[in-house]
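Below: the structure, in structure tokens.
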Amino acid sequence: MRRPFARTLGLLPLAALLLGPLAHAQGTADARVGLDAGLFDAEEAIWNLTKLSSTPPAEDFVGVTNSDLAFKGNYAIQGNYNGVMIWDLTNPARPELVTEYLCPASQSDVSVYGDLMFVSGEGFGGRLDCGTEGVETQVSADRLRGIRIFDISDIRDPQYVANVQTCRGSHTHSVLKDPDDDENVYIYVSGSAPVRPAEELPGCASGTPDENPESAMFRIEVIQVPLDNPQAAAIVNSPRIFEGLTAPESHGPSPADIRAMEEAKADGAYTIMIEGNEQIVPGRYVQMLLAQMVEARGGTGAPTAADSTMLREQMQSIAEERFGISAEPSEGGEEGPGPNQCHDITLYPEIGLAGGACEGYGLLLDISDPVRPTRITAVADSNFSYWHSATFNNDGTKVLFTDEWGGGGQPKCRADDPKEWGANAIFSINDGELDFESYYKLPAPQTSTENCVAHNGSLIPVPGRDIMVQSWYQGGISVFDWTDPQNPVEIAYHDRGPIDADEFQMGGSWSVYWYNGHIVSSEIARGLDVFELAPSEHLTQNEIDAANTVEFAYLNAQGQPKYDWPPSFALAKAYVDQLERAEAGSASQISHVRRVLGEAEGASGEARAQILTALANQVSEYVAGPHAAKVGTLETALRDLAAAS
């Protein structure tokens, strides 16, 4: 999420949670359209997924934005603008909250490696001591903006051991474990907030690099963390990976945006300017500020007309001071320099590449030297407003970038919003270049009271296919197949109705990841959802079972692991299912392979190995034509399974 606006959601009744009414399977009309509103009792639509649980946040975190996820063992670590919650997912139908660590600092995005946990802090109110009173002065020795480091050798009792302060804070971060370095991990940090004063953190300076070579703008930070001494963590490089890029062409407001702005202003809405664009201030945030004004003048009851007038006059300055936004367009506008920061940098160390989603550009980075990442190529797209995150396919031949048009706090999935805006863009990687293939956007229109745009997700390890689950805020989660990069197709989803039918309120799935057989979603307002895949015409039980053979000790949002499937009957059967779906063999061939696989599964030891080897030899004779690669994959799976018998 890009803008920390409307972080306070209001107090929510803890008792009123859990499973809202489930609705519909997908029919001729999309079941996601017209769902009833509610916070914990919104109507839900689900297709080709099974929801195992929905669990509310801990009391100190209720009403405050839940952010990103990391995983270690059986635990899910959920960030929140008030700190971190740790859930035991041993029973995914009943997650157990084992730790609630109160330590405010937006966004509190989290990552783990070994016995360490890293938490991002960017907001101006974050304190070194994790206090909840905030920081009121512009310059303060108490402020934390950067990375917090915790020892989680006992994950139920995190110990706060170190900080690394940065000039622009840490909006989010990426943890890199270099395959050739077992003594350190590296954290790539990019802050999106204004540069802090040098009086608060020496060496911090703003401006363009040609004006000031020491500028903290137009660069990322590389932090080295010694694993045996995390207290010695420090910035070791600040590479200028944007050098030479210029401001890309961008689009203006959509017809729905123009219409909504005109209607809102006619109704008396408060608006502010953010980087040259007029935006509506959420009503609940306005009410909160009005209440504070009443309290500040020693009054009680409803705000007066004078309070409203004063707030309208001060709204812009309040937003700038509290959230670090700027009314003016970014430096230089479209005639000026390109990006000065990244949002997400997705690291794929097994192939030595990273995908940088960096304001107006998508970057392909070489991370073979973890301290000195370098840009291989960059692409821009006038349909993209804000390049937010990246996901590679498993073999690293494609990368998918997301566009967080509107910053995550606006409705961008309305029926007449362009399908190319706020969507995913899929690229093939050819000789170090990014070649555009197609867009994918949530196919179900959402209401104007639901923030909805492309956000975080991950690959699901279905062998032989590129399948991904992705968050769309109040658009819910969407599972789609992008094996054919020119024809991505949705194959499953879950969605809820808006939190409020009449007024925009922040909520929805911030991020969702496949982890060791389950799909876990961080819901901004409602807590934690856990799902599992359900078999369908688009995905067989064998494919799901094969995916579930992949297990990890940990997972970070911006660290992409390579999937390797151990030999199993599920894997071989999944490939047979895919051959049948692709009509890559005759019915008799498919039936024969399945029958012999069944015989092998009923045998053991050397007898099983002989059956599988004989079948692999038969399958090898099928290898011909356009599906030769698929048949070859099955043959390899059979031989590997024989060897493991």
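The values are calculated or read from the model by the stated rules, or taken from the named source; none is laboratory data. The shown structure was predicted, so the numbers you read here are calculated from the model rather than taken from an experiment. When we count neighbours, we look across all protein chains shown, and the Cβ atoms used for this are built from the backbone with ideal geometry, even at glycine. Ligands, DNA and RNA are excluded from the accessible area calculation, which covers all protein heavy atoms including side chains. Shrake-Rupley method; radii C 1.70, N 1.55, O 1.52, S 1.80 Å.
The table that follows gives values for the structure above.
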item	result
First in segment 279-303 and under 15 Å from Gln316 (Cβ atoms), second anywhere and part of a helix (DSSP H, G or I) and open to solvent by 50 Å² or more (accessible area, probe 1.4 Å), Cβ under 6 Å, 6 or more apart	none
Selection within segment 262-278 - more than 27 Å from Ala302 (Cβ to Cβ) and touching a residue at least 12 places away in the same chain (Cβ under 8 Å)	Met273, Ile274, Glu275, Gly276, Asn277, Glu278
Meets criteria (over 28 Å from the mean Cα position of the chain (by Cα) and under 26 Å from Val189 (Cβ atoms)) for Gly298	no
Segment 160-178, residues that are touching a residue at least 40 places away in the same chain (Cβ under 8 Å) and either touching a Pro at 6+ places or on another chain (Cβ under 6 Å) or within 14 Å of Leu116 (Cβ to Cβ) (or both)	Tyr160, Val161, Ala162, Val164, His173, Val175, Leu176, Lys177, Asp178
Members of segment 545-583 found to be over 30 Å from Pro179 (Cβ atoms), open to solvent by less than 30 Å² (accessible area, probe 1.4 Å) and either out of contact with any Gly (no Cβ under 7 Å at 6 or more places or on another chain) or outside any helix (DSSP H, G or I) (or both), listed by number	Phe569, Val576, Asp577
Boolean, Trp87 is crowded, with 19+ Cβ neighbours inside 10 Å, closer than 18 Å to Ser478 by Cα and either modelled with pLDDT of 95 or more or aliphatic (A, V, I, L, M) (or both)	no
First in segment 524-537 and of a type outside the set (Lys, Arg) and in a loop (DSSP other than H, G, I, E, B), second anywhere and surrounded by fewer than 16 Cβ atoms within 10 Å (Cβ to Cβ) and at pLDDT 95 or above, Cβ under 8 Å, 6 or more apart	Ala534/Thr50; Pro535/Gln541
Complete set of residues in segment 597-606 that are open to solvent by 50 Å² or more (accessible area, probe 1.4 Å) and in a helix (DSSP H, G or I)	Glu599, Glu601, Gly602, Glu606
First in segment 455-472 and assigned by the TED database to the domain that holds Asp403, second anywhere and among the charged types (D, E, K, R) and part of a strand (DSSP E or B), Cβ under 8 Å, 6 or more apart	Asn456/Asp68; Asn456/Asp344; Arg465/Asp481; Asp466/Lys398; Asp466/Asp481; Ile467/Asp481
